[in-house]
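Following: one structure in structure tokens, then a few remarks.
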Amino acid sequence: MSVLDKVKFDADGYMEDSNAWTPEIAEAIAKREEVTLTERSWVVINYARNEFKVKGEAPTLRNITKNTDVDTKELYSLFPGGPGKMAAKVAGLHKPTGCI
Amino acid sequence: MKTFLILGAGTGGTMMANKLVKRLDPSEWKIILVDRELEHYYQPGFLFIPFGYYKPEVVVQPKRKFIPANIEFVISDIEMIEPDASRVKLAADKRVIQYDQLLIATGTDIHPEEIEGMKDGGWYKNVFDFYTFKGAVELSKFLKNFNGGRIVVNIAEMPIKCPVAPLEFAFLADYYFKQRGIRNKVEIVYTTPLSGAFTKPVASRMLGDVLIKKDIHTEPDFAVSEVNSSKNTISSYDGREINYDLLVAIPTNMGAEVIGRSGMGDDLNFVPTNKATLQSNKWENVWVIGDATNVPASKAGSVVHYEAETLIENILHTIEGKPLPASFDGHATCHITSGFNKSLLIDFSYDVEPLTGVYPIPVIGPFPLLKENTFNYLGKLSFKWIYWNIMLRGIPFPLPPAFSMAGKRQ
């Protein structure tokens, strides 16, 4: 029995209801995505969730690096293979809409 | 007398000045248009300059020519916008303009200094942009003497003005070197932070196929971390390193610095704007058009044209104290040149991605969507004339502003 059993995801693996998110769910999503969360990952996750609460969408990489002490290089090491999307996924947020 | 102030006399500002002058009562309203430059550039033409297909002078005309005589046109830098006080401070003569309604049309510029090492030794030696007049002209001189090697096209980050232009550059480079008979000596690599050729799935797949057909290697999910001018390499945050002989860079795009200085912008100095009404999210008498907005539509001239139709109605209704009637749907129409005799056409909106089919009339077209075609290319070439003579002058255009599914296949 995983904490993810009752969580609803969209086709791309993003949580449908960001309000249903808990830190335990974040850990479980990270495990599924083969990402290890550290104290630094949580700086990003907490910031991303706060931004989402205020602005209704996941922050861009530029926004994260500007407003936290995590730089782009570190972001890529914390969330390999596309930190914007991966951080949003782990933080239970919708897919970032940055691309037009 | 009330003041309608427009900041920026590019595509959006000029077009709106022409529309407003026809619709606002001249006994009640004075229109002031501010820009820092005297020349108007036909920016879609920048793409053709590097290959010698357009001579630089055909893309430049004096701004004044497109601005009605009864509008006050001021050449100046803008020092500060103070939206809480409805006031703008100009650099020239320290003039302060109090406005009743403000339209921001300050566009977007490239910022190569945002990428580590990009502006070091190689800038305009073997690292070029083609999003500025100077960059396009300098690149044309370089290409003339380029006889083989690896060309890397790089998009630094999204959003960028005209998101199809980098693809067009790669397609045209393929054609250009074939014409010169040295395509076998030139390798073309297309590096993009996106996961494919374009931002939307159907177009990404079809344009990806065109890249393969033209033997252009795509390096997706490439987030540039550094350019090393002494080694001629470009690196990504995930550790990829690619050598180049020529780097064609599409650097970070940002809104005008005055937007940031005035505390009106997001992280990239784009103005948070209601995507349906094009009114500022924060100030009721501030409107935003084109590349200056943060709306999730393409930063392109066609979008500005469609936005202008919405904007003029919204502005006039607001002035008359009526509710806003018009809502912009994110409509964009883009020609993608794939060689000097063919191009593809895409037509899309906020909600509907580019699809196949015909445009604008079902079955008849005449323009096929997402398909290489000579007729599309003629459409693209004739657009320069349309731009200078119809679009900028705010003359209604025989294409409906609202996006339509007619003729499209799902």
Can you work out which of the residues in region A:71-99 that are surrounded by 19 or more Cβ atoms within 10 Å (Cβ to Cβ) and part of a loop (DSSP other than H, G, I, E, B) is farthest from the other protein chains (Cβ to nearest Cβ)? A:Gly92
Kindly establish whether B:Lys213 is within 14 Å of chain A (Cβ to nearest Cβ) and either surrounded by fewer than 17 Cβ atoms within 10 Å (Cβ to Cβ) or farther than 19 Å from A:Thr72 by Cα (or both). no
One residue is enough: does region B:267-275 have a residue meeting the conditions within 18 Å of the chain's Cα centre (by Cα), under 22 Å from B:Pro354 (Cα atoms) and touching a residue at least 40 places away in the same chain (Cβ under 8 Å)? yes
Any residue at all in region B:400-408 that is under 21 Å from the mean Cα position of the chain (by Cα) and of a type in the set (A, V, I, L, M, F, W, C)? yes
Check region B:118-127 and report whether any residue there is within 28 Å of B:Leu7 (Cα to Cα) and among the hydrophobic types (A, V, I, L, M, F, W, C). no
Is one or more of the residues making up region A:25-34 surrounded by 19 or more Cβ atoms within 10 Å (Cβ to Cβ), closer than 30 Å to B:Asp291 by Cα and away from chain B (no Cβ under 14 Å)? no
Taking region A:51-93 and keeping residues touching a helix residue (DSSP H, G or I) at 6+ places or on another chain (Cβ under 8 Å) and among the small types (Gly, Ala, Ser) leaves A:Ala58, A:Gly84, A:Ala87, A:Ala88, A:Ala91, A:Gly92
Hits in region B:139-157 (condition: within 20 Å of B:Asn184 (Cα to Cα) and among the small types (Gly, Ala, Ser)): B:Gly148, B:Gly149
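Let's see how each residue does on (1) among the hydrophobic types (A, V, I, L, M, F, W, C); (2) assigned by TED's automatic domain parsing to the domain that holds B:Tyr41; (3) in contact with a Pro (Cβ under 9 Å, 6 or more places away or on another chain); (4) in contact (Cβ under 8 Å) with a residue 60 or more places away in the chain:
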| position | (1), (2), (3), (4) |
| --- | --- |
| B:Leu278 | yes, yes, no, no |
| B:Asn285 | no, yes, yes, yes |
| B:Ile289 | yes, yes, no, yes |
| B:Ala292 | yes, yes, no, yes |
| B:Ser298 | no, yes, yes, yes |
| B:Val303 | yes, yes, no, no |
| B:Leu311 | yes, yes, no, yes |
| B:Ile315 | yes, yes, no, yes |
How many residues, within region B:1-58, are in a loop (DSSP other than H, G, I, E, B) and of a type outside the set (Lys, Arg)? 18
Filtering region A:60-70 down to residues that are at pLDDT 90 or above and not in a helix (DSSP H, G or I), which residue is farthest from the other protein chains (Cβ to nearest Cβ)? A:Asp69
Selection from region A:3-23 of residues that are part of a helix (DSSP H, G or I) and surrounded by fewer than 11 Cβ atoms within 10 Å (Cβ to Cβ): A:Asp5, A:Lys6, A:Asn19
Restricting region B:250-266 to residues that are more than 14 Å from chain A (Cβ to nearest Cβ) and without any contact (Cβ under 8 Å) to a residue 60 or more places away in the chain, the residue that is nearest to B:Val227 (Cα to Cα): B:Glu257
Residue among B:Glu187, B:Glu226 that alone is in contact with an Asp or Glu (Cβ under 8 Å, 6 or more places away or on another chain), outside any helix (DSSP H, G or I) and either within 11 Å of chain A (Cβ to nearest Cβ) or surrounded by fewer than 21 Cβ atoms within 10 Å (Cβ to Cβ) (or both): B:Glu226
Answer with yes or no whether B:Pro220 is surrounded by 18 or more Cβ atoms within 10 Å (Cβ to Cβ), under 23 Å from the mean Cα position of the chain (by Cα), within 14 Å of chain A (Cβ to nearest Cβ) and more than 20 Å from B:Lys119 (Cα to Cα). no
Which one is modelled with the highest pLDDT among residues in region B:181-201 that are out of contact with any strand residue (DSSP E or B) (no Cβ under 8 Å at 6 or more places or on another chain) and among the hydroxyl-bearing types (Ser, Thr, Tyr)? B:Ser195
State whether one or more residues within region B:138-155 are within 14 Å of chain A (Cβ to nearest Cβ) and within 28 Å of B:Lys200 (Cβ to Cβ). yes
Would you be able to say whether some residue in region B:171-183 is of a type outside the set (Ser, Thr, Tyr), within 14 Å of another protein chain (Cβ to nearest Cβ), in contact with a helix residue (DSSP H, G or I) (Cβ under 7 Å, 6 or more places away or on another chain) and over 30 Å from B:Gly10 (Cα atoms)? no
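Yes/no matrix, rows are residues, columns are (1) of a type in the set (Ser, Thr, Tyr); (2) at pLDDT 90 or above; (3) buried (at least 23 other Cβ atoms within 10 Å of the Cβ):
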residue: B:His317; (1), (2), (3): no, yes, no
residue: B:Pro325; (1), (2), (3): no, no, no
residue: B:Asn341; (1), (2), (3): no, no, no
residue: B:Leu345; (1), (2), (3): no, no, yes
residue: B:Asp351; (1), (2), (3): no, no, no
residue: B:Val363; (1), (2), (3): no, no, no
residue: B:Leu369; (1), (2), (3): no, no, yes
residue: B:Asn373; (1), (2), (3): no, no, no
Need the failing condition index for B:Ser204 against (1) free of Cβ contacts under 8 Å to residues at least 12 places away in the same chain; (2) out of contact with any Ser or Thr (no Cβ under 9 Å at 6 or more places or on another chain); (3) crowded, with 18+ Cβ neighbours inside 10 Å; (4) under 25 Å from B:Phe348 (Cα atoms), just the number. (2)
Out of B:Phe169, B:Phe177, B:Phe130, B:Phe198, sole residue that is in contact with a Ser or Thr (Cβ under 8 Å, 6 or more places away or on another chain) and within 30 Å of B:Pro368 (Cα to Cα): B:Phe198
Scanning region B:229-241 residue by residue, those surrounded by fewer than 19 Cβ atoms within 10 Å (Cβ to Cβ) and either in contact (Cβ under 8 Å) with a residue 24 or more places away in the chain or more than 14 Å from every other protein chain (Cβ to nearest Cβ) (or both) turn out to be B:Ser229, B:Ser230, B:Lys231, B:Thr233, B:Glu241
Just checking, does region B:208-215 include any residue being touching a Leu at 6+ places or on another chain (Cβ under 7 Å) and at pLDDT 95 or above? no
Hand me the list of strands (runs of 3 or more DSSP E) wholly inside region B:284-353 holding 3 or more residues that are within 16 Å of the chain's Cα centre (by Cα) and β-branched (Val, Ile, Thr). B:332-339
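The values are calculated or read from the model by the stated rules, or taken from the named source; none is laboratory data. None of the values given here were measured: they were computed from a predicted structure. Cβ coordinates were reconstructed from backbone atoms using ideal geometry, including for glycine residues, and neighbour counts include every protein chain displayed.
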